[in-house]
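Below is one structure; the comments refer to it alone.
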Amino acid sequence: MSRVLTSQRFACDAPSHTRSMKLFCNIDASALAAVGFALLVVMMIAPQPHHGYGPDLPHVLHPVSMAGANREDAMVIAVMRDGAVYFGSDKVQPSQLPSKILDRLRDHTVERRVYIRADARVWYRTVKEVLDGVRSAGVERVAFLVDQRGP
């Protein structure tokens, strides 16, 4: 059996002369500012893309780790989807690659390996021109950078 208590008064049932007609709007914006600041710091620290956009690398099941590709003095050639070729951050023609590579190899501390980041949808003809340029510079150690396919 349930009883309804009607004699109990709630705060919202107070007489109208005791309630304030003002509305209180107190939003604490410090938490929002803290989140915004944290996102700003993360965006500043995060590595920036190479050229504004990068090649969409092919996906493989069992890639081999290439720690040398992350070195500052690594010779990285990016072949974009539209056929543009970048040596480091400089846009070059495939025919200019041998001279650029030989200039870098004059420094004896540079690893004699070239890393190629070729887009998965680039024409093979463009990649072959890049490989011919690398081989004509005398570099025999070439590594293709890829992404790991997810399980």
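The values are calculated or read from the model by the stated rules, or taken from the named source; none is laboratory data. For clarity, every value in this text was computed on a predicted model and none was experimentally measured. A quick note on method: Cβ atoms are made from the backbone with ideal geometry, for glycine too, and the neighbour counts reach across all protein chains shown.
I'm checking my understanding of the structure. Among residues of the range 94-151 that are acidic (Asp, Glu) and part of a loop (DSSP other than H, G, I, E, B), which one is farthest from Val79 (Cα to Cα)?
Asp107
Return yes when Arg113 is surrounded by 12 or more Cβ atoms within 10 Å (Cβ to Cβ) and basic (Lys, Arg) and no when it is not.
Yes.
State whether one or more residues within the range 125-144 are under 17 Å from the mean Cα position of the chain (by Cα), free of Cβ contacts under 8 Å to residues at least 24 places away in the same chain and surrounded by fewer than 16 Cβ atoms within 10 Å (Cβ to Cβ).
no
All but one of (1) at pLDDT 65 or above; (2) within 27 Å of Leu105 (Cα to Cα) hold for His50; which doesn't?
(1)
Any residue that is of a type in the set (Ser, Thr, Tyr) and in contact with a helix residue (DSSP H, G or I) (Cβ under 7 Å, 6 or more places away or on another chain) - is there at least one of those in the range 96-103?
Within the range 96-103 (the criterion being of a type in the set (Ser, Thr, Tyr) and in contact with a helix residue (DSSP H, G or I) (Cβ under 7 Å, 6 or more places away or on another chain)), the answer is no, since none of the residues qualifies.
How many residues does the range 72-93 contain that are in a strand (DSSP E or B), over 18 Å from the mean Cα position of the chain (by Cα) and either surrounded by 11 or more Cβ atoms within 10 Å (Cβ to Cβ) or touching a residue at least 12 places away in the same chain (Cβ under 8 Å) (or both)?
Residues that pass the stated criteria total 5.
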